[in-house]
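Values quoted throughout were computed directly from the atomic coordinates according to the rules given, and no laboratory measurement underlies them. From a predicted model like this one, the values you see are computed outputs, not experimental measurements. Positions of Cβ are generated from backbone atoms using ideal geometry, with glycine treated the same way; all protein chains shown enter the neighbour counts.
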Number of protein chains: 2
Amino acid sequence: MTTVDEQRTDEQRTAVFRPAGTPEGLEDLRTLVNTAIDTLRDAHLVRGGPVLPGGPPAVAEAARRALEGPLLPERPQAPDEVFRELIAAYANWAVDLTHPAAVARMQCPPTSVAIAAELVTATLNQSLHAWESGPFALELERYVVRELAELAGYGTESGGTLTAGGSLSNLMAVLAARDSVVTTPAGGTPFADGLANLGRRPVILCSDATHFSIGRAVGITGIGEDAILRAPADPTGRLIPDELDRMLAELPADTVPVAIIACAGSTDEGWVDPLPELVAVARKYGVWLHVDAAYGGGMLLSPRLRGRLAGIADADSITMDLHKFGWTPASTGVFLVRSARSLDALSQQTTTLNADDDKAAGYYGLYADSVQATRRVDALKVAVTLRSHGRDGMAELVDRCHELAGHAAERVAAEPRLELAAAPALSTVLLRWAQDPDLERADAFNGALRRRLMSDGTALLARTRVPRADGTNPVFLKLMLLNPATTTEQLDLVVAGIVATAEAMEAESAGTAAAQDRPVPDHGGA
Amino acid sequence: MTTVDEQRTDEQRTAVFRPAGTPEGLEDLRTLVNTAIDTLRDAHLVRGGPVLPGGPPAVAEAARRALEGPLLPERPQAPDEVFRELIAAYANWAVDLTHPAAVARMQCPPTSVAIAAELVTATLNQSLHAWESGPFALELERYVVRELAELAGYGTESGGTLTAGGSLSNLMAVLAARDSVVTTPAGGTPFADGLANLGRRPVILCSDATHFSIGRAVGITGIGEDAILRAPADPTGRLIPDELDRMLAELPADTVPVAIIACAGSTDEGWVDPLPELVAVARKYGVWLHVDAAYGGGMLLSPRLRGRLAGIADADSITMDLHKFGWTPASTGVFLVRSARSLDALSQQTTTLNADDDKAAGYYGLYADSVQATRRVDALKVAVTLRSHGRDGMAELVDRCHELAGHAAERVAAEPRLELAAAPALSTVLLRWAQDPDLERADAFNGALRRRLMSDGTALLARTRVPRADGTNPVFLKLMLLNPATTTEQLDLVVAGIVATAEAMEAESAGTAAAQDRPVPDHGGA
């Protein structure tokens, strides 16, 4: 190979590589993007539903065909062919988040303007760790974080960063709490001194409704998942401030409370913990209060709903995801701290970044605000999306999702064979097919119903369990409404589809012994 | 506002929102993308260098103008106008990674096919935490991870995940090491039981060349940065296996070694620690061996260079960044483990994900392989880029960068006023202006030289310090060659530009007392 190399000129040898950012590369990109848009349109039309029918076997078969052969074939392949084939398979077998029946997960259908911004972001490939990695990107990130902090009611002392998602925001929260609240015997922070010889048992207080990423963060940071004390909650799952007060008062002397984790928009029901009262308890005991508003933070955008987040500005830190309410594609995590100094643990000096003389001359980077070094710029899509929709526009989108949930809940409540968990607090609707008094069989039926809806390509729902007043904890199916383009008529059809599928399953079940998970034929990629 | 809402029909109320994934939204996207490509082309031509001149004051002024006003203006704005204005500012003031003189950071100029894939990724907004969040995306991620593991020499027991970057891969490595190696007095893992009562002091062994993200990971995981033992290194900075052996043998009885961190491609010089010997030491003591190949992992793609990574397949975990060698935009972090079971700590059961009956029916998600929940799909751009270039194509790109570094080093060595640190090991070149025998003054001069090159818009270099045989540790400037489209002639011009700027600064310095950081006029956005 060296011989071949040596015979070639510079130009021949680099012919295979054309970066997207040059005028020539941009024309290649234009062609490829047109192919991509055509393919995405075709896939949307072919799909016809939230996902192609066939379930896991059909997807696995489609993957087997599309991904046959190695990631690195020996010789170069024509980029346009590789591209067309792979994105066609990817798009055909994608979940279509623009479809009214794709309501399983907290993934929004992003706006066109956000996607176009992502193209710019990717092409320029700026980063935020040093001035020379993205000078304007740094200014933009600081602007977006500052404005979002202001939206949350934070003052000028606040800080924060965009993150790769809510789990990482929550990790940063637990880290900031740990290192601002807890000291080691040497008088330092756990970041430097470690937790091995802490002497006291750290504890974290939260409710059962807390997202699993908090447990993970507590495990990752060495506090240990077992250090989580689950505080009593009211019937809706919200923390009871007096109970929390009592727990803190009664903590053994060898423990140290690291943080109270409040939930603003619980994953299942969208409830908000009583923030003002939790602020008072946290202050009384000098404990860090983190508000996980990954989902509910969108209410800040709605004058109608934002009152429910009253008190959030007094929290020590906030998690928000703009890839939920916000209509930008992932990743658009946001982590905010009331005091920028809470992130000091991350600001080690390195020999390659932020030298003193550079800083004095105005050359700075944001590596010390984040747990990342190289970091993609998520701020551009946020800026174009929020600026183009404006305050009124964003409010309308959030409110619309909330209203859609209200409509769907009414529709569910009107269907006697469905059980509605509760009136929607935000934009989720929890329902179950409630025809079987045997709870175990009913749970199995609802689990199978969800799979059947997926494998038929009828609807994509999530599943969870909801504690009821009678002490049971049955399986519920969940509609997560994050598509403001959905109409109430379309939503009626989604509920009707659930009912019709459940009816069909009951009829089959009456006919045959166990037909709930019957194999579904592979409908192929078309 | 409620009154206005009530007067509108469904259609009117949602007119402002058009998701990118519908046929109508895709046509909006096509228009916006054409605007974006035109803007990117214009910016490339206007820029004319690696960055516009003016330095931090000019960027701050451009940001002040482009970002004037709130992120959320009261009323909606025309998306195309908001978009055009903001991306023009962003692109004009971006670092142009396609320019031969943009050699400061480990950011590659990505290929067109990777960028087009990013558009598809963003539009469809799939995620990897549950089957119904992206069924094909899950298959693609598993395929890409499996193939990359095979490239590293791992077997079928291996596991891994794409990550948001090398820092997070390194965090996962320290976490996996901690929880696979260290047990708590209760016999559990630190993830569940915490480190507070561990009883033994955990230690991490690595060299001074280890990336700062390792220190962070050790701090985040509660082991504590002070637990890092810096092992002696040879003159090039590489770990000395016998010294490491001795350190491990002599560890006090109250300590527990968590991991040896080896470097495959040090940030500054690109050196690779002696992996086969480190494997032997790690096995002898039963200590986790992590190889941080964030930068050097690209050598796996080159038959000519991959021998330098011999032994990597016996490491317990590997960090690799395909947004360095790999020519995909960030984020494209890779984390690999020799045994998939090392990630077990992350696999908590949740009530909303991976129920047993769903798993039995083939519905799975990848939330347990990652520290994230919602996670953007970085695998698509990897697949189209690697498949279209093929093994030969990727090898050529990596080799080309290595050769360019060799060429630049020769050019530097031939210039008597420049000092070359060493022959390039991978794709970095370290140089300093060596005209002043006073080291403190010389350091200040080189720091100022770098800033002057940036504020003039001549070249973007990084800076670091390199220990020399005489015990000094002077400031060096760094060229990071990750653009295979650069020609040797262009590289000559970059070195010539550095020399000319240094000459000009010396002349000015001779003329005036302290002209090194003279203010640079604002050249505006044009």
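Before moving on, here are some points about what is shown:
- Chain A: radius of gyration over Cα atoms, expressed as a fraction of 2.2 N^0.38 Å: 1.08
- Taking a ≥ b ≥ c as the square roots of the eigenvalues of the Cα gyration tensor, an a/c ratio of 1.5 or more together with a/b no larger than b/c marks the stretch B:104-180 as oblate.
- Across the options B:Ser169, B:Met505, B:Pro467, the greatest Cα extent toward the positive end of the charge dipole of the protein assembly as shown (unit charges at beta carbon of Lys, Arg, Asp, Glu) belongs to B:Pro467.
- √(5λ) per eigenvalue of the Cα gyration tensor, the stretch B:225-325, largest first, Å: 24, 13, 13
- Computed from phi, the 3J(HN,Hα) profile of the stretch B:218-232 under the Karplus parametrisation 6.51, -1.76, 1.60 (θ = phi - 60°) reads 5, x, 5, 6, x, 6, x, 4, 5, 7, 7, 9, 7, 8, x Hz, with x in place of Gly and Pro.
- Amide H contacts under 5 Å for B:Arg463: B:Lys478, restricted to partners 5 or more places along the chain or on a different chain, H placed in the peptide plane at 1.01 Å from N.
- Put simply, the amide H of B:Arg201, placed in the peptide plane, has neighbours under 5 Å in B:Thr255, B:Val256, leaving out anything fewer than 5 places away on its chain.
- Classification of the stretch A:391-513 by its C-alpha gyration tensor yields a prolate form. The axis ratio a/c (a ≥ b ≥ c) is 1.5 or more, and a/b outweighs b/c.
- Of all chain B residues, the one whose C-beta is nearest the axis that brings B onto A, in angstrom: B:Gly222, 1
- Label spacing, shortest first and in nm, from B:Asn473 to its equivalents in the remaining copies (7 angstrom along Cα→Cβ): 5.4
- A label point on B:Ala423, set 7 Å along the Cα-to-Cβ line, lies at 7.9 nm from each of its counterparts in the other copies, closest listed first.
- Estimated [θ] at 222 nm from DSSP helical runs (n ≥ 4, -39500 (n - 2.57)) normalised by residues in chain B, nearest 500: -13500 deg cm²/dmol
- Annotation: amide H-H contacts under 5 Å for A:Gly165 (H modelled 1.01 Å from N, sequence separation of 5 or more, or interchain): A:Gly333.
- Size of the stretch A:167-219: Rg and Dmax of its alpha carbons, in Å, are 11.8, 36.
- Measuring against 23 Å, Cα to Cα, the residue pairs A:Lys359/B:Lys478; A:Lys478/B:Lys359; A:Lys284/A:Lys324; A:Lys324/A:Lys478; A:Lys381/B:Lys381 contain A:Lys284/A:Lys324 as the ones spanning a longer distance.
- In sequence order, calculated HN-Hα J values of the stretch B:80-91 (Karplus, 6.51, -1.76, 1.60; Hz; x Gly/Pro): 5, 6, 3, 4, 4, 5, 6, 6, 5, 5, 4, 6
- Residues of chain A were split at every exposed loop site, defined as GluC sites (Glu not before Pro) in a DSSP loop with at most 10 other C-beta atoms within 10 angstrom, and the longest piece left, sites excluded, is A:251-526.
- The distance separating the Cα centre of the stretch A:341-388 from that of the stretch A:437-504 comes to 44 Å.
- The ellipsoid that matches the Cα gyration tensor of the stretch B:300-430 has semi-axes, each √(5λ) in whole angstrom, of 41, 16, 14, with the longest given first.
- Euclidean distance between Cα centres, the stretch B:129-169 to the stretch A:264-289, Å: 37
- For chain B, the antiparallel share of DSSP beta bridges with both residues in that region comes to about 55%.
- Calculated Rg and Dmax of the stretch B:127-377 using C-alpha coordinates, Å: 18.0, 58
- Taking one quarter of the surface of the convex hull spanned by the alpha-carbon atoms of the protein assembly as shown gives a direction-averaged projected area of 39.6 nm².
- Exam field: B:Glu68 pseudo-label spacings to other copies (7 Å along Cα-Cβ), nanometres: 6.0
- Leading residue at positive end of dipole, the stretch B:127-377 (Cβ point charges), from B:Gly188, B:Ile312, B:Thr350: B:Ile312
- The tail of the calculated P(r) for the stretch B:16-95, taken as Cα-Cα distances beyond 18 Å, holds 52 percent of the pairs.
- Backbone HN-Hα couplings from phi across the stretch B:266-273 [Karplus 6.51/-1.76/1.60, Hz, Gly and Pro as x]: 5, 3, 7, 10, x, 5, 10, 4
- Net charge of neighbours whose Cβ lies under 12 Å from the Cβ of A:Ala315, counting Lys and Arg as +1 and Asp and Glu as -1: -2
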